[in-house]
1. For the chain, take the longest principal axis of its alpha carbons; what is the angle in degrees between that and the long axis of helix 577-587, to the nearest 10 within 0 to 90?
2. Which residues' amide hydrogens lie under 5 Å from the amide hydrogen of A375, considering only partners 5 or more residues apart or on another chain, with H built in the peptide plane?
3. Please pull out the direction-averaged projected area of the chain, using the convex hull of its alpha-carbon atoms, in nm² to one decimal place.
4. Pairs of alpha-carbon atoms within less than 8 angstrom and 6+ residues apart define the contacts here; what relative contact order does region 1-102 have, in percent?
5. In the structure displayed, which of K257/K441; K538/K586; K64/K621; K93/K259 lie more than 22 Å apart, Cα to Cα?
6. Sort out the exposed loop chymotrypsin sites (Phe, Trp or Tyr not before Pro) in the chain (DSSP loop, at most 13 other Cβ within 10 Å) and tell me the longest stretch that has none.
7. In terms of modelled amide H atoms, which long-range or inter-chain residues lie less than 5 Å from the amide H of I277?
8. So what's the angle, to the nearest 10 degrees on a 0 to 90 scale, between helix 657-672 and the longest Cα principal axis of the chain?
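Please treat every number below as a calculation from the coordinates, not as lab data. Keep in mind the model is a prediction, meaning the values are calculated, not measured. Positions of Cβ are generated from backbone atoms using ideal geometry, with glycine treated the same way; all protein chains shown enter the neighbour counts.
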Amino acid sequence: MAPDGSRAAVAAHDGRVLFVERESGEVREVDRAEHGEATGLVFSPDSAWLAWSHPGPRPLRQLKLANTADLSVSEATRLRFRDYSPAFTLDGKHLAFLSARAFDPVYDDHVFDLAFVGGARPHLITLAATTPSPFGPQRHGRAFEASDGPHAETPDSEGTPATRVDLDGLAERIVPFPVEAARYSTLRAAKDGLLWLRHPVRGVLGASRATPTDPDPGSELERYDFAQHRVEELAGDADHFAVTGDGKRVLLWADGKLKVVPSDRRASSDEDSDTNITVDLGRVRQYVDPAAEWRQMYDEAGRLMRDNFWRPDMGGVDWDGVLERYRPVLARVATHDDLVDLLWEVQGELGTSHAYVSPRGGWGGAATRQGLLGADLSRGEDGTWRVDRVLPSETSDPAAHSPLAAPGVAVRAGDAILAVGGRPVDPVTGPGPLLVGTAGKPVELTVSPAGGGDPRHAVVVPVDDEEPLRYHAWVAGRRAYVHERSGGRLGYLHVPDMQAPGWAQIHRDLRIEVAREGLVVDVRENRGGHTSQLVVEKLARRIVGWDLPRGSGPQSYPGDAPRGPVVAVANEFSGSDGDIVNAAIKALRLGPVVGTRTWGGVVGIDNRYHLVDGTLVTQPKYAFWMEGYEWGVENYGVDPDIEVVVTPEDAAAGRDPQLDAAVRVALETLAESPAKTPPAVPGAG
């Protein structure tokens with residue numbers, strides 16, 4: 001809303017920037033983007049100018065300015081970088097913003113690569129050509145007292161400061177703040193300065209934390225003081241904040257609390273201080289008419305799908321007709337679960353993947369979490385429960401810690417578990433019921449050694465999820481199988497998804513496995529994501545040279561490139577980006593795909609919209625087209641080059657004919673075209 005209350009600025013989902021006049025209700029189009037939505041709409045203090053971040057081809061963004069009188073639009077920054085979160089200073093002389101234009105790469109610790117991990121920094125544009133930079137020399141020097149500084153608060157009696165903009169040379173008057181490049185967001189103007197959130201650089205998976213249960217480092221609310229020319233931290237663990245209209249106070253959400261704190265200094269640690277006011281949200285009362293709320297949610301879900309579905313014609317489906325046909329069922333909905341089921345059915349009429357409805361909820365508390373021992377157990381004829389296999393730990397994955405393999409526990413296959421926490425194990429139900437609520441807590445097991453002897457006691461810490469342990473054990477078993485079947489000539493990599501976990505999994509063994517003569521890439525059960533192009537980049541590398549340092553082994557150029565054939569393995573559970581990676585492997589002719597046709601769902605989503613009660617609804621929005629397939633991967637999948645079906649009998653017997661076929665094809669290819677090998681160094685004898 002403009003400070004003078006005359007109009008509102010609106011960014012529409014289709015890229016339009018609009019003015020809505022308060023008195024007349026007139027809607028005027030200011031600008032339109034072709035590459036997404038405008039963000040960060042902000043008025044100058046005198047309401048004469050509007051600034052926003054205008055999207056270009058992802059991830060680029062530039063700042064634009066609109067004159068509210070004549071609707072003329074100008075570029076404040078050029079479209080070269082990612083400029084975002086604009087804010088006019090309270091005196092109207094500067095337009096501050098955040099920009100990712102710091103290029104200081106950091107070397108990767110695991111592979112030969114460089115990344116820009118902290119490339120953003122606050123910047124500032126002097127709007128009038130004669131206004132000096134607040135960071136440069138001043139003609140009359142700098143004021144001794146902060147209150148006399150160039151950005152001191154304007155007294156109410158002086159009225160609203162006018163904003164003068166000299167468009168000529170505007171983009172040349174950009175100056176960076178004297179702060180280090182990092183990850184910043186939410187830049188806002190405040191009394192005598194600017195506020196922003198600074199976010200720590202942290203891993204997606206949390207594997208770099210000191211312990212798996214440690215919290216992630218929080219974001220900091222920082223303030224730049226124009227008078228003192230320094231940065232100070234106002235709050236740690238800050239999630240969100242907003243500044244009051246006069247710029248003097250901040251509404252801060254931090255540590256699960258809503259607080260009102262000063263904008264120009266750190267709040268007192270005293271909870272009773274008037275500089276640290278906690279808003280008592282327990283006093284909020286909400287009255288809900290479930291039936292009316294569900295009707296609104298039904299209509300809103302329909303509108304969201306209409307406005308975001310990847311095909312404007314809804315794929316030929318009469319969407320309004322669908323909504324009306326199901327509407328009588330809405331009157332019979334009795335629970336939220338009923339509504340969720342109804343929305344699934346309605347969205348399913350479009351016959352497109354990724355149209356999800358996910359209710360808000362949780363998985364229960366720590367007191368009810370089932371403790372698991374990371375082992376296979378079975379009941380003997382005498383009613384004793386014995387350990388058949390202890391799943392090994394994967395030391396590179398903090399989530400794959402095996403309780404029975406921990407130091408000092410020494411429980412092995414064949415040992416019997418007699419009691420848990422001093423309570424005897426029931427011969428029928430086993431130790432499971434006794435482990436309820438023990439996940440993450442120490443518990444004592446009474447164990448009878450397989451070789452006989454007196455029972456012993458061991459303290460273990462059960463886990464609440466064995467999937468990481470079982471997954472790593474499965475991968476290790478598949479890799480050993482490929483090595484054995486190929487005589488050690490073929491490497492094996494499994495890619496569980498096209499997200500951070502899959503990217504981490506690839507690199508755990510990439511350097512060893514890719515150095516073998518050929519490579520089997522298993523993308524079965526791939527859950528999808530968005531990193532398939534990164535995976536394809538790795539697989540598409542081709543050796544054109546060798547680096548042969550004296551006194552050390554040869555290394556391929558480029559590094560981590562396959563020496564010989566690449567064979568992919570896919571099945572009907574390779575989905576979404578797991579579809580796409582197989583389509584890309586075939587389109588780029590990187591190697592044959594063995595297995596069965598993939599899932600067939602490649603119209604992506606962004607999880608942006610939640611209904612009024614927190615229910616997530618997704619709209620298939622991001623269409624996918626690929627050479628050789630065009631739009632045909634959606635609702636069909638990718639056919640393998642060599643079809644191999646795993647029958648129920650194969651699964652029951654532990655056979656893997658798909659992997660067998662992949663090994664056979666790779667070895668046959670090696671027989672025709674041997675793997676690349678480094679040359680001998682001249683004069684080496």
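1. 80
2. L391
3. Averaged projected hull area, Cα only: 43.7 nm².
4. Relative contact order here is 18 percent.
5. From the list (K257/K441; K538/K586; K64/K621; K93/K259), the Cα-Cα distance tops 22 Å for K257/K441; K64/K621; K93/K259.
6. 364-624
7. Answer set, sorted by chain and number: V260.
8. With rounding to tens, the tilt is 90 degrees.
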